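Before any comments, here is the structure.
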Amino acid sequence: MDCLFCRMVAGDVPATVVHETDRTLAFRDINPQAPTHVLVIPKDHHATVGALAADDPDLLAAVVRAAADVAVQEGLATADGVEPGYRVVTNTGPAAGQTVHHVHLHVLGGRSLTWPPG
Ligand code: AMP
Ligand code: ZN
């Protein structure tokens, strides 16, 4: 299987890494949609967030925890609060625009985020 994000985990494709744990990796999106746009992934391959939840709920929790840590690190939230705030998005399937089929959380912030999203 040829997976872009697995290749990034392996170090075969360059990434601007901002956070890493033994089971997760976070790097800047190459086409940022906000002043801060980081992708958080599990190092193991799972196609979607639902598949990850079913296959390895502890790893899903680790990915969400990493996203929260990235938000603090990037100044999007205080360690003990939510200010100024940020959004975590995961696209699933073509209708939602998923283009990379290795689950990833988009962490977006640094500007006011409209709701509902497009
Ligand atoms: P999605 O469309 O939800 O599957 O998100 C995939 C994301 O991966 C998009 O926001 C892309 O800009 C991003 N992306 C694609 N290739 C790279 C890359 N080489 N490095 C960083 N981000 C990438
Ligand atoms: Zn993969």
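The values are calculated or read from the model by the stated rules, or taken from the named source; none is laboratory data. It should be emphasised that the depicted structure is a prediction, and the values quoted were computed from it without experimental measurement. For neighbour counting, all protein chains shown are included, and Cβ atoms are generated from backbone atoms with ideal geometry for every residue, glycine included. Note: areas computed on protein heavy atoms with side chains; ligands, DNA, RNA excluded. Shrake-Rupley method; radii C 1.70, N 1.55, O 1.52, S 1.80 Å.
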**OP:** Answer yes if at least one residue in the stretch 33-54 is in a helix (DSSP H, G or I), under 13 Å from the mean Cα position of the chain (by Cα) and within 16 Å of MET8 (Cβ to Cβ), and no otherwise.
**Re:** no
Subject >> Test set (1) closer than 27 Å to LEU76 by Cα; (2) within 11 Å of ligand 1 (Cβ to nearest atom) - VAL13 fails condition number >> reply: (1)
Original post:
With respect to the numbered conditions (1) open to solvent by less than 20 Å² (accessible area, probe 1.4 Å); (2) under 14 Å from the mean Cα position of the chain (by Cα), which one is the sole condition not fulfilled by LEU76?
Top reply: (2)
**OP:** Return a yes/no flag: does the stretch 108-115 have any residue that is more than 16 Å from ligand 2 (Cβ to nearest atom) and crowded, with 18+ Cβ neighbours inside 10 Å.
**Re:** yes
Subject >> Tabulated pairs, the stretch 10-35, first closer than 24 Å to LEU113 by Cβ, second of a type in the set (Ser, Thr, Tyr) and outside any loop (DSSP other than H, G, I, E, B), C-beta under 9 angstrom, 6+ apart or interchain >> reply: ARG28/THR36
Subject >> Condition check for ARG87: basic (Lys, Arg) and in contact (Cβ under 8 Å) with a residue 60 or more places away in the chain >> reply: no
Original post:
Out of the residues in the stretch 9-67 that are hydroxyl-bearing (Ser, Thr, Tyr) and in contact with a Leu (Cβ under 9 Å, 6 or more places away or on another chain), which is surrounded by the most Cβ atoms within 10 Å (Cβ to Cβ)?
Top reply: THR24
**OP:** Go through (1) away from ligand 1 (no atom under 14 Å from the Cβ); (2) open to solvent by 40 Å² or more (accessible area, probe 1.4 Å) and name the single condition GLY85 misses.
**Re:** (2)
